[in-house]
Structure formats: structure tokens, C-alpha cells
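Here's the structure we're looking at; comments come further down.
The values are calculated or read from the model by the stated rules, or taken from the named source; none is laboratory data. Note that the coordinates shown come from a computational prediction; the quantities given were computed from them, not determined experimentally. Note: ideal-geometry Cβ built from the backbone for every residue, glycine included; neighbour counts use all protein chains shown.
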Amino acid sequence: MSASLDELLLRIRACRVCEPFLPLGPHPVVQAASGARILIAGQAPGLKVHQSGIAFDDASGERLRGWMGIPRALFYQADKIAIAPMGFCYPGKQGNADAPPRAECAPLWRRALLEQLDSIQLTLVIGRYAQVWHLDGKQSLTEATQAWRDHTPGLFVLPHPSPRNRPWLARNPWFEAEVVPVLRQTVARVLAA
């Protein structure tokens with residue numbers, strides 16, 4: 001890792017800006033290294049990830065790795081796969097679901113981090129908050145996911161892989177039939193380069 005990326009990651013992991021608003025306190029979760037070729041742009045860590053400190057260390061991660069067609073060990077190689085959610089800390093609950101990522105996080109850290117990740121060839125935009133940041137956000141998540149052929153090469157919009165999205169996956173079988181095979185091929189190609 002370059003010194004500036006090392007320093008930036010240390011600053012992100014030490015961030016306490018949202019501390020008054022986080023029910024379990026800050027615990028920024030990020031994975032990145034120079035040379036990473038894939039960026040996973042998710043929402044925010046869930047409770048299990050907050051507790052473990054390991055991104056996608058839950059059922060969502062199992063499904064995402066399945067969609068990508070890669071084993072757990074490869075997924076956690078920071079020099080191959082960067083994981084930078086829109087919010088680095090668990091935001092707590094809002095009703096029966098996790099709250100949205102804290103609004104302070106992305107403007108504070110995202111551009112600086114993405115500028116350091118200059119080897120990214122494939123970005124996986126996961127969920128609505130990441131879609132708004134990385135795309136214009138004018139389409140619904142379903143529309144943006146369906147339009148996968150129309151996006152910039154090297155960008156896939158994905159639904160959140162959470163078990164809570166089983167109904168969406170059941171209503172949209174085209175995703176696993178059409179998008180996932182192409183995603184797997186693209187991941188394999190990018191990682192083999």
C-alpha cells in the first residue's frame with residue numbers, strides 16, 4: 001500500500017465523527033489496498049459485521065460471494081478486492097431494518113479513498129444508497145439492475161444480498177439467470193488479469 005493510502009485507512013478506522021449518533025459506537029469497517037481490482041460499494045455494516053469487524057461476515061456476504069463465484073479467502077484479499085461501503089459504521093436500526101448509512105461518512109471519506117484505488121476495473125454497486133452515489137440515482141434499483149448492459153463497462157448494480165431480499169429475488173428471476181453468470185465471468189476475468 002502506498003503511504004497515503006495507509007494513512008487514509010488509519011484515519012478512516014480512527015474516525016469518530018458520527019459517534020453521538022451510533023447506538024453501538026463507531027467501528028469503521030473498510031478493506032482496501034493498492035492494486036485492488038474490484039470495488040464493492042455497499043451500504044453500511046450490519047450488526048454482525050460491526051461485532052466481527054470483517055466486511056460481509058454474514059449471510060449477505062455468503063450470497064455475494066456466491067454471486068461473484070469466489071471463495072471466502074479470495075474475497076478478503078485486500079490487494080484484489082476493496083470493500084468500501086457508503087457508511088463505514090453500523091448505523092443502528094430503523095424500524096425492523098438497519099438504518100441508512102450516516103450521511104456524514106461518504107462526503108468525508110469516499111472521494112479520497114476512491115482516488116487512491118486507481119487499479120479498480122470492476123465496481124459492484126450494492127443497494128440504493130450506493131446507486132445514488134455512483135450513478136444518477138434516477139432509476140429504481142430494479143431498473144438500474146435490469147439495465148446492467150447499459151452501464152459503464154466494469155460496473156454492475158446489484159440488489160443487496162441480504163436474506164431480507166429473498167422476495168425481490170423471487171420476483172426478479174432474471175437477475176440470477178442473466179446477470180449473475182455474466183458477473184461471475186467478469187469477476188474471474190478481472191482477477192485473472
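Name the residue, out of LEU108, LEU114, that is within 15 Å of the chain's Cα centre (by Cα), under 24 Å from ILE54 (Cβ atoms), part of a helix (DSSP H, G or I) and modelled with pLDDT of 95 or more.
Answer to the check: LEU114.
Among the small types (Gly, Ala, Ser), on the phi > 0 side of the Ramachandran plot, more than 19 Å from the chain's Cα centre (by Cα) and at pLDDT 95 or above - does that describe any residue in region 5-20?
No, every residue in region 5-20 fails to be among the small types (Gly, Ala, Ser), on the phi > 0 side of the Ramachandran plot, more than 19 Å from the chain's Cα centre (by Cα) and at pLDDT 95 or above.
Among the residues of region 71-82, is any buried (at least 16 other Cβ atoms within 10 Å of the Cβ), outside any loop (DSSP other than H, G, I, E, B), out of contact with any Lys or Arg (no Cβ under 7 Å at 6 or more places or on another chain) and not hydrophobic (A, V, I, L, M, F, W, C)?
Looking through region 71-82, none of the residues is buried (at least 16 other Cβ atoms within 10 Å of the Cβ), outside any loop (DSSP other than H, G, I, E, B), out of contact with any Lys or Arg (no Cβ under 7 Å at 6 or more places or on another chain) and not hydrophobic (A, V, I, L, M, F, W, C).
Taking the criterion of being touching a residue at least 60 places away in the same chain (Cβ under 8 Å), under 23 Å from ARG166 (Cα atoms) and surrounded by fewer than 21 Cβ atoms within 10 Å (Cβ to Cβ), would at least one residue in region 97-115 satisfy it?
Yes, region 97-115 contains at least one residue that is touching a residue at least 60 places away in the same chain (Cβ under 8 Å), under 23 Å from ARG166 (Cα atoms) and surrounded by fewer than 21 Cβ atoms within 10 Å (Cβ to Cβ).
Could you please tell me which pairs satisfy a Cβ distance under 8 Å, a separation of 6+ or placement on different chains, a first residue in region 46-74 that is at positive phi, and a second residue that is assigned to a helix (DSSP H, G or I) and of a type in the set (Gly, Ala, Ser)?
Correct list of pairs: GLY69/ALA188.
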